[in-house]
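What follows is one structure encoded as C-alpha cells, with my remarks underneath.
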Ligand SMILES: NC(=O)c1ccc[n+]([C@@H]2O[C@H](COP(=O)([O-])OP(=O)(O)OC[C@H]3O[C@@H](n4cnc5c(N)ncnc54)[C@H](OP(=O)(O)O)[C@@H]3O)[C@@H](O)[C@H]2O)c1
C-alpha cells in the first residue's frame with residue numbers, strides 16, 4: 001500500500017508517498033481502507049521538529065490522526081466491528097494518511113450514511129478539541145463567549161457548538177469569513193489593530209468565556225478584558241498556562257474521544273452543524289495540502305481524498 005512518510009524533520013517538502021507493507025491486524029485490531037484523511041497543524045509541528053521534545057518522530061515516520069474509511073480486515077477478538085463497515089477512525093499512531101490504516105478496534109466508530117466522507121475525516125482532531133474546550137470552559141444561555149480563530153479547523157466546530165448552547169458567541173476572524181460565521185449564529189469581529197476596543201464595544205457587560213485557537217497574545221487579551229483566568233482556554237499558547245493561570249485543555253483532555261466522535265457524527269449527519277472543507281487534495285498532493293494549511297487562512301478543514309468509497 002501507499003502511505004505518507006518522512007525521513008527527516010523539515011518543511012512539507014520532506015513528505016513522500018511511499019510503497020510500504022500492508023498492515024495486518026493483530027488481536028483487538030482492525031485495518032481500515034482509508035477514503036479520506038484529515039490534515040491538521042499539529043502534524044506539521046511534529047514533522048518540522050518543533051515538538052520533538054514532547055512528540056519525537058521515529059524515522060521513517062508516518063502521519064495523520066483523522067480518517068474515514070471502510071473496514072478491510074478484522075483481527076482476532078474483535079466482535080463489534082465487521083469487514084465492509086464504514087467507519088471513522090481516531091488514530092494515535094501517525095498512520096491515517098495512507099491507503100490502509102491499522103487501528104485498535106475501540107478507535108473506530110460507525111460512520112452514519114448521511115455523513116460525507118471528507119467531513120467524517122475531520123471529527124477527531126477538530127471536533128474533539130472543540131468538545132474538550134467546551135468541557136474545560138462550559139457556556140450556556142446568558143454567557144458571552146469569544147472564539148479567537150473562529151474560522152479555523154477547530155474554530156468552526158467550537159463556534160457552532162457554543163452557539164448551540166444558547167450562549168452569545170463573538171467570533172474573531174478575517175472579514176472573508178464573517179458571512180459564514182453570521183449565518184451560523186455567531187457575531188463576527190475582525191482581528192488586527194483595535195480588536196480589544198471592538199470586543200469591549202461588542203460585549204459592554206463583559207466576556208464570560210474566552211477560547212484561544214490561534215495563540216499570538218489572545219490569552220493576554222482575554223485577561224485584559226477581565227475574563228477570569230479559569231474561564232480562558234488555549235490550545236496553543238501553553239506558556240500562558242504557566243504565566244497567566246489560564247487553562248490549556250485540548251483534545252487530550254477528553255476522557256472518551258470515541259464517544260465524542262460518535263456524538264459529533266450523529267449531530268453533523270442530522271444537519272446540526274456544518275463542517276466547511278476549505279481544500280481537498282489527492283494523497284499525492286500531501287505537500288500542497290500542508291503548504292495550504294501553513295498559510296493559516298480560510299474557512300474550515302483540509303482533507304486528503306485517498307481512495308474512492
Ligand atoms: N492542543 C490541542 O489539542 C490542539 C488540537 C487541535 C489544534 N491545536 C492547535 O490549535 C491551533 C488551531 O488549529 P486549527 O486546525 O484551527 O488551525 P487552522 O485551521 O490552520 O487555523 C487557521 C485559521 O486561523 C485564522 N487566523 C489567521 N490569523 C488570525 C488572527 N490574527 N486571529 C485570529 N484568527 C486568525 C484564519 O482565519 P481567517 O481566514 O479568518 O483569517 C484561519 O481560519 C493550531 O495551532 C493547532 O496546532 C491544538
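What the table shows:
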{"read-out": "Those strands (runs of 3 or more DSSP E) lying entirely in the stretch 181-283 with at least 2 residues touching a strand residue (DSSP E or B) at 6+ places or on another chain (Cβ under 9 Å) and over 30 Å from residue 67 (Cα atoms)", "value": "187-189"}
{"read-out": "Top-ranked residue in the stretch 131-146 [being under 28 Å from residue 44 (Cβ atoms) and more than 9 Å from the ligand (Cβ to nearest atom); ranked as surrounded by the fewest Cβ atoms within 10 Å (Cβ to Cβ)]", "value": "135"}
{"read-out": "The stretch 195-222, residues that are surrounded by 20 or more Cβ atoms within 10 Å (Cβ to Cβ) and within 15 Å of the ligand (Cβ to nearest atom)", "value": "199, 210, 211, 212, 213, 214, 218, 219, 221, 222"}
{"read-out": "Residue within the stretch 160-174 that is in contact (Cβ under 8 Å) with a residue 12 or more places away in the chain, part of a loop (DSSP other than H, G, I, E, B), more than 8 Å from the ligand (Cβ to nearest atom) and touching a helix residue (DSSP H, G or I) at 6+ places or on another chain (Cβ under 7 Å) present", "value": "no"}
{"read-out": "Selection within the stretch 289-309 - within 15 Å of the ligand (Cβ to nearest atom), on the phi < 0 side of the Ramachandran plot and surrounded by fewer than 18 Cβ atoms within 10 Å (Cβ to Cβ)", "value": "291, 294, 295, 297"}
{"read-out": "Criterion: at pLDDT 95 or above, over 16 Å from residue 307 (Cα atoms), more than 16 Å from the ligand (Cβ to nearest atom) and not assigned by TED's automatic domain parsing to the domain that holds residue 156 - qualifying residue of 12, 43, 18, 27", "value": "27"}
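Yes or no, residue by residue, for (1) assigned by TED's automatic domain parsing to the domain that holds residue 158; (2) more than 27 Å from residue 166 (Cα to Cα); (3) without any contact (Cβ under 8 Å) to a residue 40 or more places away in the chain:
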| site | (1), (2), (3) |
| --- | --- |
| 206 | yes, no, no |
| 211 | yes, no, no |
| 216 | yes, yes, yes |
| 238 | yes, yes, yes |
| 241 | yes, yes, yes |
| 265 | no, no, no |
| 284 | no, yes, no |
| 287 | no, yes, no |
| 290 | no, yes, no |
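The values are calculated or read from the model by the stated rules, or taken from the named source; none is laboratory data. These numbers come from a predicted model, not from an experiment. We place every Cβ from the backbone using ideal geometry, glycine too, and count neighbours over all the protein chains shown.
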